[in-house]
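Chemist: Can you read through this structure? Questions will come right after.
All of the numbers you see were taken from the coordinates with simple rules; none came from a lab. This one's a predicted model, so the numbers in the text were calculated from it and none came from an experiment. Because the Cβ atoms are built from the backbone with ideal geometry, glycine has one as well, and the counts that use them run over all protein chains shown.
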Amino acid sequence: MRKPHQERTFVILKPDTVQRSLVGEVIKRFERTGLKFTAMKMFVPEEAKLLTHYNKDDAWFLKKGNRIIEDLKSQGLPVEKDAMAYGRSIIDTIVTYMTAAPVVAMILEGNQAVAVVTKLVGTTEPSTSDVGTIRGDYTVDSYTHSSYENRAVRNLIHCSESPEEAEREIKVWFADEEIMNYVTAQERIMYDIDLDGITE
């Protein structure tokens, strides 16, 4: 069983992060929290793996599809499909986007890693993400604009929503032998109860 400070989360820096040369900036933000990188690689995702990764149910499709319909109506645009079809089209646009260019995938480890990364990244819609978050500071895209253009929202990063989701996603993208097991000096300062050896 993992200790609290061994919680893992999964992150993909999407094509817009790579294309805009923001990879180093994002990594720096994660490192400053005290989280540890245990795996990282760059590649162009395969469609089959993306479909496994974005393993959504009908409730998710309906929720997202209804949001798209509301956005279209608010812009005075025609609604041409039902909510389920619009919801499913989100995954289609994400797959098209994510297979178009390289991404950087990584695993981060540390106390409440999922919550820490989620807080740093910000909400999934960049235009409503708080100032100080990665999405809030580096992009202004919105659901409305992406729906209007029938494309995936350019929100820079995917991050796991729960520790359970992180472990599922990690298995999609990383083999066990690609994940490093090591201790950093920073971990010793943060988690060593007695700080043994600091003054030696």
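Chemist: Helix 83-98 against the longest principal axis of the chain: what's the angle in degrees, Cα atoms only, rounded to the nearest 10?
Modeler: The angle comes out near 50 degrees.
Chemist: Sorted from fewest to most neighbouring beta carbons within 10 Å, what does the list Val44, Val23, Val121, Val11 look like? Kindly include the intermediate steps, with their values, before the conclusion.
Modeler: On the way: Val44 11, Val23 16, Val121 22, Val11 26.
The order, fewest Cβ neighbours first, is Val44, Val23, Val121, Val11.
Chemist: For the peptides 96-104, 155-163, what is the packing order when you average, over each peptide's residues, the other Cβ atoms within 10 Å and list the highest mean first?
Modeler: On the way: 96-104: 16.8, 155-163: 20.2.
Most protected by this proxy first, the peptides run 155-163, 96-104.
Chemist: Here is a further query. What pairs from Lys36/Lys63; Lys3/Lys56; Lys3/Lys119; Lys3/Lys28 go past 27 Å between their alpha carbons? Spell out each step's value before the answer.
Modeler: Working: Lys36/Lys63 34 Å; Lys3/Lys56 29 Å; Lys3/Lys119 21 Å; Lys3/Lys28 25 Å.
Beyond 27 Å between Cα atoms: Lys36/Lys63; Lys3/Lys56.
Chemist: Additional query: Given a Förster distance of 22 angstrom, what is the FRET efficiency for Tyr182 paired with Met1, based on the Cβ-Cβ distance and rounded to 0.05?
Modeler: On the way: r = 20 Å, r/R0 = 0.89.
The formula returns an efficiency of 0.65 here.
Chemist: Still on this structure, please answer the following. Quick check: the angle from helix 58-74's long axis to the longest principal axis of the chain, C-alpha only, nearest 10 degrees?
Modeler: It works out to around 60 degrees.
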